[in-house]
Amino acid sequence: MKNPLNKQMLALLIACLFCIAGLAQAQQAQEDVSKYPTRPINCIVPFSPGGSADLALRLLSKEVEKNIGQPLVVVNRPGGGGSVGVSAVAVAKPDGYTIGQSPGGSPLFILPFLEKLPYHPTKGLRYIVQFADFTFGVVVKGDSPLNSFKDLIAHVRQNPGKITYGTNAPNSIANLVMEQVAKKEKIQLTHIPFKSSPEYQAAVLGDHILFSAGDFNHALIESGKLKPLVFFSEKSPPEYAQIPTLRDLGYDIPCPVFLGIMGPAGLPEPVVKKLEDAFTKAAREPSIAKGLREFRFNLIYRNSKDLTDYVNRNYEVFGQLLKEMGLAKQ
């Protein structure tokens, strides 16, 4: 006859072995985190090579490598208005070896309400640091008689239904900003979507549209071919300090389009801290800051907590806005 006590002791022994194995794995994981990083880190850029966002990260990468002791490998994953690259970050293993550039704008604050995506902007991503803002705004042709945003609004009001403008996509963040301006001012604008900023800038230069809203080529501004009337940013770039922002003109309309670093949800806090410190130190290096300004980025910094709060707040704002416009499907 079999002794039931032996079975109980065997079960207890097996449970103890599992417990010991689990503790050993946890200890090993803690050791691994403390030594992070021990191999190259992939950083996904959700845009094509050669663009300003891509160039900004490549500028930072060499300085980050000095601070963190491992190569930072830039991987371009364009598509879906930025959502393809953001998705790749969100589904990555949360070990700190796949991170990504956080673009703000449409991938975080618009597309998640319009279509089903494999990530949630506030639950599926871990925001690490912001080091710059894109310079978005309204530009007209250089020889336009319109010399201020006030002039533009007055001109649109005098020509109801006749004024066209361009952005890089329907329901883009610049499109939504201008629709909010039109609503506040009770004016009529006709939106023409283009595939890219070079296309809509060419349309302005060719007199096919009156103005564009969004990103723009700074060389065209500095050569006098295009003229900025207002910026959507939190502050005007030093090079264009005389041009106001929407906020300066009394419009409380956010345009959260920024450059930062993010990872998948679940990143260990020591990993987040090491990455935050490495990117912060790199962005504050004088040569890097100078290079970012040469790309005409606004140097606006937010640490991990502040950036997370900023994303959460804007996610709620744009969710409510899209519901009010009847566009939200999620």
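From Gly142, Gly161, which residue is more than 26 Å from Gly81 (Cα to Cα) and modelled with pLDDT under 95? Talk me through it step by step, then tell me what you get.
Values: Gly142 fails: modelled with pLDDT under 95.
The match here is Gly161.
Regarding Ser83, is this residue outside the structural domain of Ile173 (by TED's automatic domain parsing), touching a helix residue (DSSP H, G or I) at 6+ places or on another chain (Cβ under 8 Å), assigned to a strand (DSSP E or B) and of a type outside the set (Phe, Trp, Tyr)? No; evaluated as a whole, the condition is false for this residue. Condition check for Ser48 on (1) at pLDDT 85 or above; (2) surrounded by 12 or more Cβ atoms within 10 Å (Cβ to Cβ); (3) in a loop (DSSP other than H, G, I, E, B): one failure, at (1).
Residues considered: Lys290, Lys235, Lys305, Lys323. Of these, the only one that is of a type in the set (D, E, K, R) and modelled with pLDDT of 95 or more is Lys305. For region 195-222, filtering for residues that are in a loop (DSSP other than H, G, I, E, B), in contact (Cβ under 8 Å) with a residue 60 or more places away in the chain and of a type outside the set (A, V, I, L, M) leaves 3. Within region 242-261, the presence of a residue that is basic (Lys, Arg) and either in contact with a helix residue (DSSP H, G or I) (Cβ under 9 Å, 6 or more places away or on another chain) or in a helix (DSSP H, G or I) (or both) is excluded. Of all residues in region 32-45, those satisfying the criterion of being of a type outside the set (A, V, I, L, M) and either exposed (fewer than 15 other Cβ atoms within 10 Å of the Cβ) or more than 16 Å from Val89 (Cβ to Cβ) (or both) are Asp32, Ser34, Lys35, Tyr36, Pro37, Thr38, Arg39, Pro40.
Gly161 satisfies every condition listed in (1) outside the structural domain of Lys235 (by TED's automatic domain parsing); (2) over 20 Å from Leu246 (Cβ atoms) except (1). Against the condition in contact with a helix residue (DSSP H, G or I) (Cβ under 7 Å, 6 or more places away or on another chain), in the same structural domain as Val64 (by TED's automatic domain parsing) and farther than 18 Å from Lys323 by Cα, how does Ile110 come out, does it pass? For Ile110, the condition - in contact with a helix residue (DSSP H, G or I) (Cβ under 7 Å, 6 or more places away or on another chain), in the same structural domain as Val64 (by TED's automatic domain parsing) and farther than 18 Å from Lys323 by Cα - is not met. In region 235-252, what residues are among the hydrophobic types (A, V, I, L, M, F, W, C) and either in contact with an Asp or Glu (Cβ under 9 Å, 6 or more places away or on another chain) or crowded, with 18+ Cβ neighbours inside 10 Å (or both)? Selection gives Ile243, Leu246. Scanning region 101-150 for residues that are outside any strand (DSSP E or B) and among the basic types (Lys, Arg) yields Lys116, Lys123, Lys150. Restricting attention to region 117-150 and to residues that are touching a Gly at 6+ places or on another chain (Cβ under 9 Å) and within 15 Å of Pro264 (Cα to Cα), the residue that is surrounded by the fewest Cβ atoms within 10 Å (Cβ to Cβ) turns out to be Pro118. Annotation: of all residues in region 262-272 being touching a helix residue (DSSP H, G or I) at 6+ places or on another chain (Cβ under 8 Å) and of a type outside the set (A, V, I, L, M), the one that is surrounded by the most Cβ atoms within 10 Å (Cβ to Cβ) is Gly263. Of all the listed residues (Ile153, Ile187, Ile192), the sole one being among the aliphatic types (A, V, I, L, M), part of a helix (DSSP H, G or I) and surrounded by fewer than 20 Cβ atoms within 10 Å (Cβ to Cβ) is Ile153. Within region 69-84, can one find any residue that is of a type in the set (A, V, I, L, M), under 22 Å from Met178 (Cα atoms), surrounded by fewer than 20 Cβ atoms within 10 Å (Cβ to Cβ) and free of Cβ contacts under 8 Å to residues at least 40 places away in the same chain? So far as region 69-84 goes, no, none of its residues is of a type in the set (A, V, I, L, M), under 22 Å from Met178 (Cα atoms), surrounded by fewer than 20 Cβ atoms within 10 Å (Cβ to Cβ) and free of Cβ contacts under 8 Å to residues at least 40 places away in the same chain. Flag: Gln180 matches the condition of being assigned to a helix (DSSP H, G or I) and touching a residue at least 24 places away in the same chain (Cβ under 8 Å).
The values are calculated or read from the model by the stated rules, or taken from the named source; none is laboratory data. On a predicted model such as this, the values are computed, not experimentally measured, just so you know. A quick note on method: Cβ atoms are made from the backbone with ideal geometry, for glycine too, and the neighbour counts reach across all protein chains shown.
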